[in-house]
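The values are calculated or read from the model by the stated rules, or taken from the named source; none is laboratory data. Keep in mind the model is a prediction, meaning the values are calculated, not measured. Note that we place each Cβ from the backbone using ideal geometry, even for glycine, and neighbour counts take in every protein chain shown.
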Amino acid sequence: MRNIKLTIEYDGTSYHGWQSQINALAVQDVIKKAIKKLTGEDCNLIGSSRTDTGVHAIGQCANFFTASSIPPDKFSYALNNLLPEDIVIRHSEEVSKDFHARFSAKGKKYRYLIHNSVFPSALMRNRAYHVHYPLDLDSMKKAAGYFLGKHDFSAFKASGGSEKTCERTIYGASLNIDKGTVLLSAEGRQKNRPLVYPHDAMIEFEITGNGFLYNMVRIIVGTLVYVGIGKIRAEDIPDIIESRDRTRAGITAPAQGLYLVEVYY
């Protein structure tokens, strides 16, 4: 038996997350069905992350054991012929027998897209979180820096998670804006108003850590949006983390803006 690792990209719009469920279609189900059609085997497909309904992936990883003679690098080609257009195997390779997509992972990177515009986008409605209030990006960047390091992130965990500990280490957190955005007028800057981005800005938040709690990234994003609109001060973030009180953090941002970018082994 060989252990095959897959790197997977998918649009999560039509799926109830990665994990197989009763009476709901999950990404895992679709790939397992394609593997069975290809190899004739019922496999145990192990995913690195249980992405939620509507969440997307650029670098989800999974592994399965097979007795098939198909060359490891050819699984991607063969499976892509059997998968729908919203799921693509980006890479396939043989790994050691003890490799486990979930338990062997050392860290993950997520990306979250915020569409900051007066009106929503018809094309990006399933790809980004639309926020119509002007956002103060400088305050949001300052707030993001407070998440770095090792903390108890209980204040940024949704109920329903099964984690044994809420301590996680964040290695990187950054906010960037697309270059085509028109900034506040010179007159506005002269009056010392906050630097805001009110028209058709796509704000990209990336965060890397050794692991994440249930809905942790989405709650962090919701909190950063609250900072951006002035509902929470950037300087309050350390106290919110220390409080371990979920009610002090921001909302849980919608699923459609979240992307699993990469899993580190």
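Some values worked out for this structure:
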read-out: Residue satisfying all of: in segment 12-62; assigned to a strand (DSSP E or B) and of a type outside the set (A, V, I, L, M); nearest to Arg125 (Cα to Cα) among these; value: His56
read-out: Count of residues meeting criterion [over 17 Å from Tyr226 (Cβ atoms) and either over 19 Å from the mean Cα position of the chain (by Cα) or of a type outside the set (Lys, Arg) (or both)] in segment 116-156; value: 16
read-out: Count of segment 250-264 residues which are surrounded by 15 or more Cβ atoms within 10 Å (Cβ to Cβ), in a loop (DSSP other than H, G, I, E, B) and touching a Gly at 6+ places or on another chain (Cβ under 7 Å); value: 3
read-out: Test result for Phe103, closer than 21 Å to Phe212 by Cα, among the aromatic types (Phe, Trp, Tyr) and loosely packed, with under 14 Cβ neighbours inside 10 Å; value: yes
read-out: Checking Ser69 against (1) outside any strand (DSSP E or B); (2) among the polar types (S, T, N, Q); (3) within 30 Å of Ala128 (Cβ to Cβ), the condition it does not meet; value: (3)
read-out: Tally of residues being β-branched (Val, Ile, Thr), under 19 Å from Glu167 (Cα atoms) and either in contact with a helix residue (DSSP H, G or I) (Cβ under 7 Å, 6 or more places away or on another chain) or modelled with pLDDT under 95 (or both) across segment 228-251; value: 3
read-out: Filtered residue count, segment 240-249, keeping only those that are surrounded by 15 or more Cβ atoms within 10 Å (Cβ to Cβ) and not in a helix (DSSP H, G or I); value: 2
read-out: Condition met for Arg111 (in a loop (DSSP other than H, G, I, E, B) and assigned by TED's automatic domain parsing to the domain that holds Ile240); value: no
read-out: Single residue of Asn63, Asn81 found to be over 16 Å from Gly12 (Cα atoms), in the same structural domain as Gln28 (by TED's automatic domain parsing) and crowded, with 18+ Cβ neighbours inside 10 Å; value: Asn63
read-out: Hits in segment 1-48 (condition: farther than 19 Å from Cys61 by Cβ and in contact with a His (Cβ under 7 Å, 6 or more places away or on another chain)); value: Ala24, Leu25
read-out: Any hit, segment 154-168, residues being assigned by TED's automatic domain parsing to the domain that holds Gly211, modelled with pLDDT of 95 or more and more than 22 Å from Ala255 (Cα to Cα); value: yes
read-out: Residue within segment 231-239 that is closer than 14 Å to Leu113 by Cα and part of a helix (DSSP H, G or I) present; value: no
read-out: From Ser49, Ser14, residue being touching a Leu at 6+ places or on another chain (Cβ under 9 Å) and either aromatic (Phe, Trp, Tyr) or at pLDDT below 95 (or both); value: Ser49
